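Each remark here refers to the structure printed beneath this line.
Taken together, the values in this text are just the output of simple stated rules run on the coordinates, not laboratory data. As the structure is a computational prediction, the values presented were derived from the model and not from experiment. Neighbour counts are summed over all protein chains in view; Cβ atoms, including those assigned to glycine, are modelled from backbone coordinates with ideal geometry.
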Amino acid sequence: MYKYRKHLLFTTCVIFIFLFFTSVTHLKGQKLTREDYINTYKELAIKEMKRSGIPASITLAQGMLESGNGNSTLATKGNNHFGIKCHGWKGKKIYHDDDAKGECFRKYKTAYDSYVDHSDFLMHTPRYRFLFDLDPDDYKGWAKGLKKAGYATSPRYATMLIKIIEENELYVYDSGNVRVKRNREKNISEQPDSDFAVSVDRRVKERNRVEYIEVKKGDTFESLQEEFNLLPFELYSYNNLPEGAGLYPGQELYLQPKRNRAERGNDIHVVQQGETMYSISQKYAVKLDKLYKRNHMDPADELNSGETIWLRKRKPVKK
């Protein structure tokens with residue numbers, strides 16, 4: 001009986017090992033689908049968006065298009081997901097036929113390195129600088145701008161990026177708080193994600209297509225960062241607050257970057273007594289620096305009651 005059990009155990013182990021290696025080999029031979037790619041790299045795209053300002057939807061769409069959903073030779077052998085050529089690159093290289101035969105492309109240790117270098121490449125290359133003046137979720141503007149700046153030679157490059165974004169709803173990741181958005185769409189009584197909780201009596205509101213909340217008694221920056229899955233600096237940055245600032249019940253805090261201009265219909269604001277440029281920025285969800293620039297002002301300037309503040313494009317004065 002002992003010998004039989006020993007033989008059975010040995011046979012079972014052999015079968016298990018055979019099935020394990022067979023399944024691994026099979027998985028290695030499988031190609032990633034678009035869904036696979038999105039699920040694998042969406043968090044990285046969001047992280048890079050928060051670091052660089054490049055919409056996560058654009059990063060994901062470029063990665064999917066340039067790497068064939070992670071299945072191209074450059075991606076599988078060089079971890080190059082964005083087709084970035086050497087251009088003075090001092091790291092490892094991989095050669096591949098593209099516009100010409102045997103062109104030089106950057107080779108990375110990991111896909112993570114490729115994503116970081118993609119952000120840095122756009123941030124530090126002068127011809128792409130104008131893109132960072134666009135609204136954070138203007139994926140169409142980014143797509144057209146990348147084509148205009150010469151990122152790719154295909155005349156349909158912008159169209160292809162926009163199609164990928166809209167077919168896969170990648171624009172939801174431009175909020176940077178995907179789980180918050182998804183929880184809002186669920187019945188509030190449903191169990192939230194295990195690594196993320198949203199308060200059952202917390203209402204996330206929206207102004208100028210920017211999400212915000214009202215502070216409750218007992219809230220702290222740390223508790224709100226945890227509740228809404230934000231990085232430590234984000235609440236301060238989005239609301240133009242210095243580190244160490246206090247919170248008070250009823251205070252409105254934005255969970256996303258404010259926009260460059262107010263929504264249509266809010267072209268101007270007439271200053272009321274006691275208002276500041278900061279309070280106007282918060283009232284309309286418009287970036288404070290953009291308000292100063294649009295109105296030819298600086299932080300030292302005082303506001304006067306009845307003064308007109310331009311919230312959208314300043315109209316030229318008729319002579």
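Take peptides 60-72, 223-235, 82-94, 133-145 and line them up by average Cβ neighbours within 10 Å, highest first, as a rough protection proxy.
Going by the mean number of other Cβ atoms within 10 Å, highest first, we get 60-72, 133-145, 223-235, 82-94.
How long is the gain from residue 245 to residue 104 if the chain were fully straight, where each residue apart is worth 0.36 nm and the alpha carbon distance is subtracted?
Full-extension gain reported as 45.8 nm.
List the extent of the Cα atoms of segment 268-310 along each of their three principal axes, largest first, rounded to whole Å.
21, 20, 15
Can you tell me the order of 298-304, 275-281 when each peptide is scored by its average per-residue count of other Cβ atoms within 10 angstrom, highest first?
Ranking the peptides 298-304, 275-281 by packing returns 275-281, 298-304.
Which ordering of 215, 286, 210, 270 is given by a fewest-first count of other beta-carbon atoms within 10 Å?
The fewest-first ordering by Cβ neighbours comes to 270, 215, 210, 286.
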